[in-house]
1. Residue by residue through the range 66-76, which ³J(HN,Hα) values in whole Hz follow from phi under the Karplus form 6.51 cos²θ - 1.76 cosθ + 1.60 (θ = phi - 60°), with glycine and proline marked x?
2. Express the relative contact order of the range 1-151 as a whole percentage, based on alpha carbon pairs under 8 Å and six or more residues apart in sequence.
3. Quick check of the Kirkwood formula: for the range 108-193, what is the inverse mean of 1/r over all pairs of different Cα atoms, in Å?
4. Taking a virtual spin label 7 Å from the Cα of Thr210 along the C-beta vector, which residues in the range 69-93 bring their backbone nitrogen under 11 Å of it?
5. Give me the tail of P(r) for the range 53-119 as a percent: Cα-Cα pairs with distance above 13 Å.
6. Using r as the Cβ-Cβ distance of Val36 and Thr161, and R0 as 25 Å, what FRET efficiency do you calculate, to the nearest 0.05?
7. Nearest 10 degrees is fine. How inclined is helix 92-117 to the longest principal axis of the chain, computing both from alpha carbons?
8. Compute the semi-axes of the equivalent ellipsoid of the range 22-92, taking the square root of 5 times each eigenvalue of the Cα gyration tensor, and list them largest first in whole Å.
Amino acid sequence: MAVDISSLDDVWHRVTGTQPDPPRNLVLAVGAAALVTVLWRPVWRIARNTVTIAHEGGHAAVALLCGRRLSGVRLHHDTSGVTVSYGKPRGPGMVLTVLAGYITPSLVGLGGAWLLAAKHITLLLWASVVLLALLLVSIRNFYGMLTVVLTGGAVFAASWTENTDVQAGFAYLMVWFLLLAGVKPVVELSRTRARTGARDSDADQLHRLTGFPAGGWLVLFALVALGCAVAGGRWLLHM
């Protein structure tokens, strides 16, 4: 079967090219929608699955980058997740792997804001599809597969539409959500630790690995999340 080079070239230019900035009112509207999604508990319970995907994806990606062997990732109905990797039980690689979880959603949101500020709306959506596809290979339970497939399908549909406002609206909503949602799990973890202990959290694992207090790690998570939210928000608003 002959490959239509011109069609592939068109797709490449469509993905890597730039798109015009969406109307400012659209950017503000989807930002408000993202904020409501984070603050309204019934919606947050569903949308939080997206944060878990980024959280566990961060653990998995950093584990591989640090030379650890990735066993698999599981995502659960209660929006919790677990990533299992094998390698040295201590050392910088293990510390970075554990550290990655809570800061990845915010860092991904910041990277997305940078791409949108550079007018690479389609590139952001396609990069997201590729990352989700790579994560899917490591998922080891049905609910996790379903969650990643549905999320990837929604992003792909938005990337393929010819309606530029729909595409831009979805991209900005996704990035706003990651930037704003990155803060809430840190707050939730702080409350859970104060109420029940939760001594197996990422912050407590980091304390055992480094000796640095778990509360200090929580502060670091919060600073990264807040810093990304502020910087990313300024990029999205072109301030």
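1. Karplus-based 3J(HN,Hα) across the range 66-76 equals 8, x, 7, 9, 7, 8, x, 10, 10, 10, 10 Hz.
2. Values: 146 pairs, mean separation 42.9, N = 151.
Relative CO of the range 1-151 lands at 28 percent.
3. For the range 108-193, the Kirkwood estimate is 14.0 Å.
4. Residues 92 qualify, since their backbone N sits under 11 Å from the label point.
5. Values: 1399 of 2211 pairs.
Of all Cα-Cα distances in the range 53-119, 63 percent exceed 13 Å.
6. Numbers: r = 23 Å, r/R0 = 0.94.
The pair Val36/Thr161 has a calculated efficiency of 0.60.
7. The two axes meet at around 30 degrees.
8. Calculated on Cα positions only, the semi-axes equal 33, 16, 8 Å.
The values are calculated or read from the model by the stated rules, or taken from the named source; none is laboratory data. Computed from a prediction, not measured in an experiment: that's the story for all the values here. Methodologically, a virtual Cβ is constructed for each residue, glycine included, from the backbone with ideal geometry; neighbour enumeration extends over all protein chains shown. Each accessible area value is taken on the protein alone, full model and side chains, heavy atoms only, with ligands, DNA and RNA left out. Shrake-Rupley method; radii C 1.70, N 1.55, O 1.52, S 1.80 Å.
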